[in-house]
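S.K.: First, the structure itself, so that you have it in front of you.
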Amino acid sequence: MNFKSCELSLVCVRKDASEDSLMTSQLLFGEIVMVLTVHESWYYIRSIIDHHEGWVIAAQLKDFELEKANLKANYCLDLVNIITVENENIPVLIGSNLFQYDGMSFKHGVKKFFYNGSIVNPEKTDPNSKLAQKLVLKYLNSPYLFGGKSPIGIDASALVQMVYRLMGIYIPRYHFEQVKNGENVEFYTNAQLGDLVFFDDERGTIIHVGMLIGDGQIIHVHDKVRIDPIDMYGI
């Protein structure tokens with residue numbers, strides 16, 4: 001199989017093989033994808049972490065030997081920081097995967113990168129509601145961007161996906177997929193801090209998601225990442 005890696009800050013994943021096409025998601029530094037189809041200067045890819053599929057400009061990805069890699073995750077915890085490789089700087093954003101980070105450097109493919117910042121290792125992290133609250137608040141006031149996955153621009157589904165990912169809990173990319181995971185809470189009064197709340201329209205179609213952060217409040221994306229009051233009737 002043909003695998004590639006993202007070694008840029010952000011790479012757009014599009015619906016069709018065109019720069020004018022809708023952006024459906026993004027790849028952060030360190031994300032690995034499988035190439036399913038090649039069309040001219042585009043790859044049709046599937047992310048190995050959330051299985052989202054779409055078109056990416058081929059030149060923005062690098063060859064990656066998955067079978068030789070140690071995919072132990074260490075996620076960047078700073079909103080924005082810098083990694084250095086071969087005397088060049090690359091900006092990285094929260095949620096970027098710095099494989100095998102040893103406190104000073106990490107290897108990705110054949111290259112050695114240097115990083116001096118905060119990371120979170122999901123294998124050494126105890127997922128809990130207080131941690132979820134702390135992580136999601138890092139994204140507060142990030143602007144809304146459909147398909148976005150970073151504090152530069154993010155959508156509602158990516159907000160909860162990225163927070164859970166930082167804790168080592170991997171959920172699908174979009175709300176209509178996410179709602180099929182986990183356990184249902186029958187009554188709003190039984191919901192806890194860190195739980196996800198899904199919203200549907202008059203046809204019963206899931207159209208939005210947010211995360212409870214306690215004290216009758218929800219954090220979600222509407223124009224920006226924001227906090228609003230919530231009760232059993234909604235936001």
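S.K.: Helix-only estimate, please: 222 nm mean residue ellipticity of the chain, summing -39500 (n - 2.57) across DSSP H runs of length 4 or more and dividing by its residues, to the nearest 500.
M.R.: -2500 deg cm²/dmol
S.K.: Roll a 1.4 Å probe over the protein chains and send me the accessible area per residue for the chain in Å².
M.R.: 52 Å²
S.K.: Report, to the nearest whole %, how much of the accessible area of the chain belongs to carbon and sulfur atoms, 1.4 Å probe, protein only.
M.R.: After summing per-atom areas, the C and S share lands at 50 percent.
S.K.: Output the Kirkwood hydrodynamic radius of the chain, Cα pairs only, in Å rounded to one decimal.
M.R.: 18.5 Å
S.K.: Would you please classify the overall shape of the range 49-106 from the alpha carbon gyration tensor, given that a ≥ b ≥ c denote the square roots of the eigenvalues, rounded means a/c under 1.5, and beyond that prolate means a/b larger than b/c while oblate covers the rest?
M.R.: It comes out rounded by the Cα gyration axes.
S.K.: Work through the residues other than Val136 whose Cβ is under 15 Å from its Cβ and net out their charges, Lys, Arg +1 and Asp, Glu -1.
M.R.: Overall, the nearby charge balance is +3.
S.K.: Something else about it: Rounded if a/c is under 1.5, else prolate if a/b is larger than b/c, else oblate: which is the range 174-229, with a ≥ b ≥ c the root eigenvalues of its Cα gyration tensor? Please report the intermediate quantities before stating the final value.
M.R.: Values: a/c = 1.70, a/b = 1.11, b/c = 1.52.
Verdict is oblate for the range 174-229.
S.K.: Just need the relative contact order of the range 24-111 here, percent rounded to a whole number, with Cα pairs under 8 Å and 6+ apart.
M.R.: Relative contact order, the range 24-111: 25 percent.
S.K.: Give a quick list of chymotrypsin sites (Phe, Trp or Tyr not before Pro) in the range 1-84 that DSSP marks as loop, anything other than H, G, I, E or B, with at most 11 other Cβ atoms within 10 Å.
M.R.: Listed in order of number, the matching sites amount to none.
S.K.: Of the options Gly234, Ser105, His52, report the single residue whose Cα projects farthest towards the positive end of the charge dipole of the chain (beta-carbon charges: Lys, Arg +1; Asp, Glu -1).
M.R.: In the chain, that residue is Ser105.
S.K.: What percent do you get for the relative contact order of the range 185-235 when only Cα pairs under 8 Å and 6+ apart count?
M.R.: Contact order relative to length: 25 percent.
S.K.: Please identify the longest segment of the chain free of exposed GluC sites (Glu not before Pro), where exposed means a DSSP state other than H, G, I, E or B and no more than 16 other Cβ atoms within 10 Å.
M.R.: Longest stretch, sites excluded: 87-182.
S.K.: Too long at a 21 Å Cα-Cα cut-off: which of Lys111/Lys138; Lys4/Lys111; Lys72/Lys111?
M.R.: The answer is Lys111/Lys138.
S.K.: Apply the a/c threshold of 1.5 to the C-alpha gyration tensor of the range 122-225 and tell me whether it is rounded, prolate or oblate. Let's see the in-between values first.
M.R.: Values: a/c = 1.36, a/b = 1.05, b/c = 1.30.
Verdict is rounded for the range 122-225.
The values are calculated or read from the model by the stated rules, or taken from the named source; none is laboratory data. Since the model is a prediction, treat every value here as computed from it, not as a measurement. With ideal geometry, Cβ positions are generated from the backbone for all residues, glycine too; neighbour counts draw on all protein chains shown. Heavy atoms of the whole protein, side chains included, go into the accessibility calculation; ligands, DNA and RNA do not. Shrake-Rupley method; radii C 1.70, N 1.55, O 1.52, S 1.80 Å.
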